[in-house]
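To start, the structure itself, in structure tokens.
The values are calculated or read from the model by the stated rules, or taken from the named source; none is laboratory data. Please read all numbers here as calculations on a predicted model, not as lab measurements. Quick reminder, even Gly has a Cβ in these numbers, built from the backbone with ideal geometry, and neighbours come from all protein chains shown.
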Amino acid sequence: MSQTITVTDTIDPEIINFPSVDDLCNDLFPTELWADWTDNCADGGTISSGVPVITDLGCYEEAVYTFYVEDDCGNSDTETVTATRYYDDWDNCTTAFGVFTTDGEDGATVDGNSTCFRDDDFRRWGWTNYINTEGENMF
């Protein structure tokens, strides 16, 4: 007498160690992200999200990175990571930017008499321009 026992793996692999993407400001989205995956009977490893799907939402964009993995038994897992990219678009975002600049000796643009309210290299909002003469000034 013989007996056949069939074991079927129905446990999905798991995508782990998702990357974290800080909000971006005028920078480009990464071309792809990487995560790890593990499984109860497959080796697992590292997978790429591939190219993100980018949606323009007016004053910012969102990029959705999709991770997909399938084990040897046909079980799968799908996870997404969303990143946000803000960009300067004063026509639609009701934010204006202004800072007094001047051309430096080497032709590069440098700060003129402007001082930022913040002292942490933040380069937007909160500017004040020093006025050292009486009269009408245009900004």
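Summary of values
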quantity	calculated
Residue in region 15-34 that is among the small types (G, A, S) and over 23 Å from the mean Cα position of the chain (by Cα) present	no
Test: residue in region 67-78 that is in a loop (DSSP other than H, G, I, E, B), among the small types (G, A, S) and surrounded by 15 or more Cβ atoms within 10 Å (Cβ to Cβ)	no
Close pairs (6 angstrom Cβ cut-off, 6 or more residues apart or separate chains): without any contact (Cβ under 8 Å) to a residue 24 or more places away in the chain and under 14 Å from T66 (Cα atoms) in region 18-37, outside any strand (DSSP E or B) and not charged (D, E, K, R) anywhere	D36/N17
Region 46-63, residues that are modelled with pLDDT of 95 or more and loosely packed, with under 11 Cβ neighbours inside 10 Å	T46
Top-ranked residue in region 31-66 [being in a strand (DSSP E or B) and of a type in the set (S, T, Y); ranked as farthest from D12 (Cα to Cα)]	Y60
Filter result (β-branched (V, I, T) and crowded, with 16+ Cβ neighbours inside 10 Å) within region 1-37	I15, V21
